[in-house]
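The values are calculated or read from the model by the stated rules, or taken from the named source; none is laboratory data. Keep in mind that this is a model prediction, so the values were computed, not measured. Note that we place each Cβ from the backbone using ideal geometry, even for glycine, and neighbour counts take in every protein chain shown. When the accessible area is computed, the model is the full protein with side chains, heavy atoms only, and any ligands, DNA or RNA have been set aside. Shrake-Rupley method; radii C 1.70, N 1.55, O 1.52, S 1.80 Å.
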Amino acid sequence: MPEYFKQLPIRLQLGIATAVLTLIASLTLVFLATRSTQYITSEQAKVVSVTLAEQLSSQVNLALLNKDNLATSAILNRSIREGWIQGATVSEPSGNVIAKAGTKTDAHQTIPIEIDGRVLAQLRIDYSDQMASHLRSQQWWTLSGLAVIIAIAMGALAAQIGRLYSRALEALKQQIPQLEDTTDTANEIRAIETRLRALPLDLLAEQVDLDPLRPHVNQTVISLVSLDALEHYIATLNEESLERYTQRLYQCLRSAAQLYGGKIHVVRQLCVAMVFSDQDSRRATTAASQASLLLQMLCKKQEDAGQLKYQVRCVLGQSELRPLEEHSFYADLYVQNQFDQLQQAFEQSGVLWIEHSLCDEAPFNEGYTLGPIIDGYAAIVGIPPETLELLAEQADQAHRKLK
């Protein structure tokens, strides 16, 4: 694309581009129409020549019957002077020329001259399509001129429509500050591009990088799980047995977390976090508490089925950020201190604690029995019977899948 065209305003670019495309489309239609007309006029010329040949044959048949060659030549010369026929020839069936007038052309018609069913001679007339060509040429220039007028009109209309876009872009350009060392061009888009390049976009990009944190700012409940039994087996089991034990422990954690829409992450030595967020039909606090209870039931069933201990303890706390996910580096740093605080609950007796800020929220205010708040944490000492029944059924189903 030429550089001078790029510098033109948007409205002129739209007008010129529309005019050129319209002209190309219109000239294509004119070309197709002319070709179609050429075929039609050629066929019409053939029909006219056949008619003239029949009329001329009816005029010369009497002269041929009398063998009057002079009369035949006179009739042929008179037909040529009428302008349509360029040449005419009457010849015997054997090919001998009886009478001839005018000149021969590429376009001709030949018909027999018959009298009483007997062919006396052959009549050939030669005609020219010069008149038809002249008419086609006039038609071509007329339609081409009309195509140019239509292209100009469409270009002007497109330029008027483009004026609306030019005004909008001009208003947008005025909102971008212009530095002293920059010069605007007539093209609005290139002027905006020039002004943007002169701005310190690197600094603006650093602010945009913070946007991925926004989806993670929501209510999240973390269940920190202490793998107490694993600590005793690290030094006593061999590597193969320890790997089987940790794999079975991981299956219990994964089953409990996935059933309630949580995710598990190793966050400390011998500590695993199960992270839960509010869902459409379940609160994060409910999911975290029931998943923690289900985990302890699954571990108890593992102990009953074997000789090893699977003792775990859990403490629930809430976070304003959802950690341990992609693009959540800030959230991961933010929650480290909270992990340290949650670990302090393990210094008390009991297997399941909650932060004091969760005591007044569902489901802990709906049938759960809580112990006294000590150092900011309360132990769960009583669970509603319907919740226990539900968890027991879920534990049985999950335990059968683990076998």
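Taking 0.36 nm per residue of sequence separation and removing the Cα-Cα distance, the Leu29/Gln138 pair yields an extension gain of 37.6 nm.
Counting only protein heavy atoms and a 1.4 Å probe, the chain has 59 square angstrom of accessible area per residue.
Bridging of Lys300 to lysines at a Cα separation below 27 Å is possible for Lys263, Lys309, Lys401, Lys403, once same-chain residues fewer than 8 apart are set aside. Size check on the range 1-205: the Cα extents along the three principal axes, sorted descending, read 110, 26, 25 Å.
Its alpha carbons considered, the range 220-402 gives a radius of gyration followed by a Dmax of 15.9, 46 Å.
Among the protein heavy atoms of the chain, carbon and sulfur supply 55% of the accessible surface, probe 1.4 Å, non-protein parts ignored.
Count Lys and Arg as plus one, Asp and Glu as minus one, and take only other residues whose Cβ is under 15 Å from that of Thr18; the net charge is then +2.
Evaluate E = 1/(1 + (r/R0)^6) for Tyr39 and Thr246, where r is the Cβ-Cβ distance and R0 equals 51 Å; express this FRET efficiency to the nearest 0.05.
0.05
Against the empirical curve 2.2 N^0.38 Å, the C-alpha radius of gyration of the range 335-403 lands at a ratio of 1.33. Taking all protein chains together, Ser223, Ser281 sort by accessible area into Ser281, Ser223, largest first [probe 1.4 Å]. Per-residue 3J(HN,Hα) values for the range 8-24, derived from phi via the Karplus relation 6.51 cos²θ - 1.76 cosθ + 1.60 with θ = phi - 60°, read 5, x, 4, 4, 6, 4, 5, x, 5, 4, 5, 4, 5, 5, 5, 5, 4 Hz in sequence order (x marks Gly and Pro). For the pair Val97 and Gln7, the difference between a 0.36 nm per residue extended length and the Cα-Cα distance amounts to 24.9 nm.
Take every DSSP beta bridge with both residues inside the chain and express the antiparallel ones as a percent of the total, to the nearest 5.
Bridges in the chain are about 95 percent antiparallel.
For the pair Gln219 and Glu303, a Förster radius of 51 Å applied to the C-beta separation gives a FRET efficiency near 0.90, rounded to the nearest 0.05. Our helix-only sum for the chain, with -39,500 (n - 2.57) per DSSP H run of n ≥ 4 divided by its residues, gives a mean residue ellipticity at 222 nm of -18500 deg cm²/dmol.
Between the helical axis of 239-259 and the dominant principal axis of the chain, each derived from Cα atoms, what acute angle in degrees is found, rounded to the nearest 10? Once rounded, the angle reads 70 degrees. Near Gly162: Cβ cut-off under 11 Å, other residues only, Lys/Arg at +1 and Asp/Glu at -1. The net charge is +2.
Once R0 is set to 25 Å, what does the formula 1/(1 + (r/R0)^6) return for the Cβ-Cβ distance between Val266 and Glu347, expressed as a FRET efficiency to the nearest 0.05?
Computed FRET efficiency for Val266 and Glu347: 0.75.
Potential lengthening of the chain between Leu196 and Arg81 amounts to 33.4 nm, from the contour at 0.36 nm per residue minus the alpha-carbon distance. The modelled label-to-label distance for the pair Ile150/Val20, using points 7 Å beyond Cα in the direction of Cβ, is 2.0 nm.
Each Lys or Arg adds one and each Asp or Glu subtracts one; over the other residues with Cβ under 9 Å from the Cβ of Arg190, this totals -2.
How long are the three semi-axes of the equivalent ellipsoid of the chain, in whole Å, if each is the root of 5 times an eigenvalue of the C-alpha gyration tensor, listed from largest down?
105, 35, 17
Relative contact order, whole percent, for the range 70-109 stands at 37, derived from Cα pairs under 8 Å and 6 or more residues apart. Take the chain and mark each of the GluC sites (Glu not before Pro) that is in a DSSP loop with at most 13 other Cβ atoms within 10 Å; the longest unmarked stretch, sites excluded, is 181-325.
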